[in-house]
Amino acid sequence: MKKKFLFTVLAILGTVLAGCKSESKEKDRSDADKMFARICKLTKEYTEKLSEAPDSATWAEVYNEFEDKLEKISFSYPPDTDLLLTEGQNDTIQNLLEEIVKVKKEKIHDILHPFVECDSLLNEDSIVMQEANSEISQAGDKVTQADASRSLGN
């Protein structure tokens, strides 16, 4: 009877201890490292492709491909894999994505405003600027004339 009791206690104790086993504090980051490498490679590749796109149709197609492939990479790993990325890996991905956004912005500007400098949409030679300068000078002449007539009248 003592053997049965001892066996039962050991079985219960073994079950309880197995259930209380703590998870390792160091999670497996191999999936996160693989995801990081794939995202970096994809982003660098498509940044180059976007900068070389000759027209808006090609550019749109390349950018849509990039978004689709990035989404496939994200969903090909278990949930919360991105939470296992290190701070440095997150910073690197952020910098790469900022670079692709910069190229995207420049490409959009080149497509929409091919003959205008990127830093200013209204430069000194534009018709709009010439008209605005003319209106300003005419308004200034009117103010000067009004000041002169007041000073003569006093």
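The values are calculated or read from the model by the stated rules, or taken from the named source; none is laboratory data. If you're wondering where the values come from, they're calculated on a predicted model, not measured in any experiment. Every residue, glycine as well, gets a Cβ built from its backbone with ideal geometry; the counts of neighbours run over all protein chains shown. These accessible areas exclude ligands, DNA and RNA; they are computed on the full protein's heavy atoms, side chains included. Shrake-Rupley method; radii C 1.70, N 1.55, O 1.52, S 1.80 Å.
Here are a few things to note about the model shown:
- Checking each residue in the range 46-74 for being crowded, with 16+ Cβ neighbours inside 10 Å and over 24 Å from PHE36 (Cα atoms) picks out ALA53, TRP59.
- Inter-residue pairs, beta-carbon under 8 Å, first in contact (Cβ under 8 Å) with a residue 24 or more places away in the chain and over 17 Å from LEU96 (Cβ atoms) and in the range 52-71, second open to solvent by 50 Å² or more (accessible area, probe 1.4 Å) and part of a helix (DSSP H, G or I), 6+ apart: ASP55/ILE111; SER56/ILE111; TRP59/ILE111
- Taking the listed residues GLU99, GLU124, the one that is at pLDDT below 90, acidic (Asp, Glu) and out of contact with any Cys (no Cβ under 6 Å at 6 or more places or on another chain) is GLU124, with no other qualifying.
- Candidate set from the range 75-114 (those that are assigned to a helix (DSSP H, G or I) and of a type in the set (Val, Ile, Thr)); member that is most open to solvent (accessible area, probe 1.4 Å): VAL101
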